[in-house]
2 protein chains.
Amino acid sequence: MTQQLDDAFLADWAVHSRFGAVPGTNGVDRQAATEADGEQRAWFAELLESNGFTVVRDAIGNQFGLLELVPGAPYVLTGSHMDSQPTAGRFDGAYGVLASAHACVRVAEELRAGRGSGESAGAGAVVNLAVVNWFNEEGSRFKPSMMGSSVFTGKLALADALATTDPAGVTVADALDAIGERGAGDVFGGDSGREVASYAEVHVQQGRSMEEDGVTIGLVNATWAAHKFEFKVTGAQAHSGSTLMVDRRDALLGAARLVVAARELVDEFEPGMLHTACGELNVYPNSPVVVASEVELLLDLRSPSADVIREAHAALQRTIERVQREDRVEIAVTAEHSWDQNPYPEAGVELAREVAEQLGLTHDRVMTVAGHDSTNMKDSVPTIMLFVPSVAGISHSLDEFTKDADLVAGVDHLTGVISRLVRGSLL
Amino acid sequence: MTQQLDDAFLADWAVHSRFGAVPGTNGVDRQAATEADGEQRAWFAELLESNGFTVVRDAIGNQFGLLELVPGAPYVLTGSHMDSQPTAGRFDGAYGVLASAHACVRVAEELRAGRGSGESAGAGAVVNLAVVNWFNEEGSRFKPSMMGSSVFTGKLALADALATTDPAGVTVADALDAIGERGAGDVFGGDSGREVASYAEVHVQQGRSMEEDGVTIGLVNATWAAHKFEFKVTGAQAHSGSTLMVDRRDALLGAARLVVAARELVDEFEPGMLHTACGELNVYPNSPVVVASEVELLLDLRSPSADVIREAHAALQRTIERVQREDRVEIAVTAEHSWDQNPYPEAGVELAREVAEQLGLTHDRVMTVAGHDSTNMKDSVPTIMLFVPSVAGISHSLDEFTKDADLVAGVDHLTGVISRLVRGSLL
């Protein structure tokens with residue numbers, strides 16, 4: 001029986017992983033609301049419908065599969081996101097969505113068969129089931145990331161999200177319309193008549209601690225603290241050959257000093273206590289013989305400790321003041337976003353631990369460095385976040401990989417979690 | 001008479017400066033083969049034709065105005081380029097083209113009136129006159145720079161130039177066709193039956209030494225030495241939050257270290273002996289939460305001394321080796337181009353000095369840091385390169401400025417130079 005279920009999951013997983021496949025690699029390029037995203041959404045909708053779900057989209061393109069078991073009752077919502085970074089792994093997000101669909105199908109079958117799992121075996125459903133594929137978790141094509149779950153939880157205005165443009169000037173609204181994935185209104189909340197009772201998500205770890213510690217199920221108990229900056233460095237356009245060095249106000253030089261300083265900050269703290277990065281940097285006019293007048297860059301500080309973030313921020317500020325003075329450029333923060341170390345509810349961590357024990361799966365508490373849609377959801381409803389291991393922790397890369405055994409263990413575990421939630425746990 | 005000529009030049013100059021005008025500024029955005037470039041070329045062709053020139057284009061879109069005075073004889077060619085960097089000054093290149101047209105018209109008028117200038121007053125033309133507007137000197141939309149004069153002088157293959165694409169994927173051939181400026185074959189050389197006898201170009205200095213020294217006419221006697229690199233820095237895509245710092249191979253960090261190192265190199269030499277720059281840098285995948293896997297950047301070293309270039313290059317190489325080792329990235333040179341300090345012919349410098357003396361214009365020998373189309377031409381024919389001052393040396397900037405008095409002095413001087421060349425000087 002278990003072998004059959006595992007095989008069914010892995011068969012669907014093989015198809016699921018091919019949308020937006022990058023030739024010659026194990027990875028995908030499936031950014032939000034692209035053609036590949038649209039094709040995968042259409043296939044996934046068919047999969048859900050063939051398993052008895054009703055498929056609907058809300059106004060920001062979150063895709064839901066509803067399975068009503070108890071008319072009028074709230075829903076256990078479970079899912080993740082199917083969009084990817086450009087040239088990235090096929091597991092990040094996509095695994096959690098398909099795992100959620102299979103877990104819900106298994107739980108519905110259990111309920112129909114009068115079977116159950118664990119302590120509440122045989123008990124019936126008190127809430128309904130819904131699978132979700134959140135729109136644009138990655139934020140690579142349209143900023144910010146976690147757009148679908150941010151609109152869903154009221155942290156981002158729908159109109160602002162729909163008006164956001166990609167680098168080619170296409171709005172979210174037009175991109176969603178182009179793939180036929182923009183719904184008319186709310187699917188939950190508002191005047192939809194539906195409410196969310198709880199939320200569960202499984203994801204690959206994007207770190208290597210679980211693999212190293214031999215842990216199959218990560219019980220996510222908190223997010224790292226973070227401070228994210230958008231900087232604009234302003235200098236003055238000039239001839240990059242003939243202008244005297246002392247006359248230059250080179251925005252790219254100023255930006256490069258920030259990138260280097262961010263890396264060097266890391267060494268001022270204990271190993272593992274501070275992660276810094278600049279992944280996006282745009283130069284204007286970006287011409288071979290012109291000193292840049294403007295550079296925009298994103299810079300992140302992340303730590304398990306909010307104190308470390310504060311100290312790193314202060315040090316970064318001192319660098320900014322020095323670069324402004326010495327390189328005669330202006331450095332402005334055009335946007336920033338920070339959060340403290342942020343716990344997931346303890347009752348959910350404990351529930352997930354019990355399920356892992358029951359299934360004989362190794363488990364441990366882990367923090368998440370990366371943000372997830374569950375980071376939004378946990379501020380609204382009881383939320384459980386789960387990890388499965390990621391080989392060498394490689395993430396946002398074509399080389400991302402998780403073993404089949406861990407994928408199917410994660411589906412088993414999520415099934416156990418959903419089975420308890422649908423019977424009223426955490427309500 | 002002189003006042004009338006000056007006024008006529010400045011009137012045309014006012015019109016000439018408005019093609020591609022950037023609203024609210026003194027500058028222009030008139031990159032090669034854009035709509036603005038096409039409009040200016042059409043207007044300029046009319047101006048030439050109304051003054052008796054025959055206007056023709058060659059296969060790479062160099063625009064010529066031919067004034068045949070001595071059937072079958074070679075031509076004195078004079079001009080510069082009308083394309084600009086994005087959001088740049090209106091003087092760079094465009095001044096030299098219009099100055100050349102006015103100088104040729106004046107010399108032709110002198111010849112018709114039996115007047116002359118200086119020692120050879122009254123003598124007749126032994127060669128013909130031609131004005132040139134070189135295609136794509138700037139190289140901002142299509143690389144490399146000095147494309148038109150490079151094809152003209154056989155330094156770049158026509159087919160390669162025509163197949164070059166801009167960032168949107170448009171080829172030079174298609175862009176020239178779109179503005180109707182691609183000719184069928186050669187205008188000089190090949191089987192055209194026409195030869196170039198000599199070349200003269202006037203340009204704004206793009207430096208501030210002439211302004212500071214109170215010099216009106218710069219007699220360009222050499223170019224600086226230069227070494228230009230295109231680097232590709234290769235790392236590995238990774239999650240920019242969750243990936244351990246020790247696991248990262250950050251291409252943008254490696255690139256930023258090169259940008260900073262290039263600036264710091266300058267301080268190892270006497271002031272003014274080394275100019276370094278990085279004006280163009282492109283990041284892949286350039287996404288907020290992804291460590292960059294690839295960065296391409298252009299980096300230039302320039303000096304009046306080839307020894308300084310060699311020392312700077314060796315120091316840069318040591319930095320590259322250190323960055324490769326410490327940041328675990330690969331740094332490859334994907335293209336490079338270097339030249340030694342390169343003299344303009346002494347006879348031309350002397351001829352230009354005599355004309356300045358005769359006209360009572362202050363003058364001095366200057367080197368050019370920037371490349372010009374004359375840098376190509378001087379390797380083929382006797383070539384004279386002239387500068388007029390540039391306020392504060394501001395260049396490749398909307399704030400570039402040269403005073404009217406200097407503009408008209410430059411036209412007067414170029415007229416004197418052309419007047420001698422057309423009568424056989426430097427033959």
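Nothing in this text is a laboratory measurement; each read-out follows from the coordinates by a stated rule. Every value quoted in this text rests on a predicted model; they were computed, and no experiment measured them. Note that each Cβ is placed from the backbone with ideal geometry, even for glycine, and that neighbours are counted across all protein chains shown.
The table below lists the values:
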{"item": "Per-residue Cβ neighbour rank within 10 angstrom, fewest leading, A:His313, A:His337, A:His203", "result": "A:His337, A:His313, A:His203"}
{"item": "Label-point gap, in nm, between B:Ser380 and A:Asp213 - each point 7 angstrom along Cα→Cβ", "result": "7.1 nm"}
{"item": "Spatial separation of Cα centroids for segment B:296-374 and segment A:314-375, in angstrom", "result": "47 Å"}
{"item": "Antiparallel DSSP beta bridges within the protein assembly as shown, percent to nearest 5", "result": "65 percent"}
{"item": "Positive-end residue, segment A:225-339 charge dipole about Cα centroid, Cβ charges, pick of A:Val259, A:Thr334, A:Ser242", "result": "A:Ser242"}
{"item": "Net charge dipole size for chain A [Lys, Arg +1 and Asp, Glu -1 on Cβ; Debye, nearest 20]", "result": "340 debye"}
{"item": "Cβ-based exposure ranking for A:Asp191, A:Asp166, in which fewest neighbours within 10 Å come first", "result": "A:Asp191, A:Asp166"}
{"item": "All-pairs Cα distance distribution in chain A, expressed in whole percent, bin size 10 Å", "result": "5, 21, 29, 24, 13, 6, 2, 0, 0"}
{"item": "Net lengthening on full extension, B:Ala14/B:Arg112 (0.36 nm per residue, minus Cα-Cα)", "result": "32.5 nm"}
{"item": "Number of partner chain Cβ atoms within 10 Å, mean per residue of A:78-88", "result": "2"}
{"item": "Helix-only [θ]222 nm of the protein assembly as shown, DSSP H runs n ≥ 4, -39500 (n - 2.57) each, per residue, nearest 500", "result": "-11000 deg cm²/dmol"}
{"item": "In degrees, nearest ten, helix A:94-113 long axis to first principal axis of chain A (Cα)", "result": "10 degrees"}
{"item": "Descending Cα extents along the principal axes, segment B:225-339, whole Å", "result": "47, 21, 19"}
{"item": "Cβ-Cβ FRET estimate between B:Ala314 and B:Val170, R0 fixed at 41 Å, reported to 0.05", "result": "0.55"}
{"item": "Length-normalised contact order of segment B:225-339 in % [C-alpha pairs under 8 Å, at least 6 apart]", "result": "45 percent"}
{"item": "For segment A:225-339, size of Cβ-based charge dipole, Lys and Arg +1, Asp and Glu -1, in debye", "result": "220 debye"}
{"item": "Peptides ranked, highest mean first, by Cβ atoms within 10 Å: ranges A:280-293, A:34-47", "result": "A:280-293, A:34-47"}
{"item": "Under 5 Å, built H, 5+ apart or other chain: amide partners of B:Phe135", "result": "B:Asn62, B:Gln63, B:Gly148, B:Ser149"}
{"item": "21 Å Cα-Cα threshold exceeded, pairs from A:Lys232/B:Lys232; B:Lys155/B:Lys228; A:Lys143/A:Lys232; A:Lys155/A:Lys378; A:Lys155/A:Lys228", "result": "A:Lys232/B:Lys232"}
{"item": "Mean-position separation - Cα centroids, segment A:248-272 and segment A:9-26, in angstrom", "result": "38 Å"}
{"item": "Residue of chain A whose Cβ sits closest to the axis mapping A onto B, with distance in whole Å", "result": "A:Ala256, 2"}
{"item": "Rg to Rh, two decimals, where the protein assembly as shown supplies the alpha carbon set and Rh follows Kirkwood", "result": "1.11"}
{"item": "Size of charge dipole - the protein assembly as shown - debye, nearest 20, with Cβ of Lys, Arg +1 and Asp, Glu -1, no other charges", "result": "60 debye"}
{"item": "Förster radius 60 Å - calculated FRET efficiency between B:Gln4 and A:Glu264, Cβ distance, rounded to 0.05", "result": "0.40"}
{"item": "For A:Arg18, label point 7 Å along C-beta direction: distances to other copies, nm", "result": "6.2"}
{"item": "Footprinting exposure proxy for A:Ser140, A:Ser192, B:Ser380 (fewest neighbouring C-beta atoms within 10 Å first)", "result": "A:Ser192, B:Ser380, A:Ser140"}
{"item": "Relative contact order (%) - chain A, alpha-carbon pairs under 8 angstrom, separation at least six", "result": "23 percent"}
{"item": "In Hz, Karplus ³J(HN,Hα) per residue of segment A:176-190 (6.51, -1.76, 1.60; θ = phi - 60°; x = Gly, Pro)", "result": "5, 4, 4, 9, x, 10, 9, x, 8, x, 7, 9, 10, x, x"}
{"item": "Kirkwood hydrodynamic radius (C-alpha pairs) into Stokes-Einstein, segment A:153-243, 37 °C and 0.692 mPa s, D in µm²/s", "result": "170 µm²/s"}
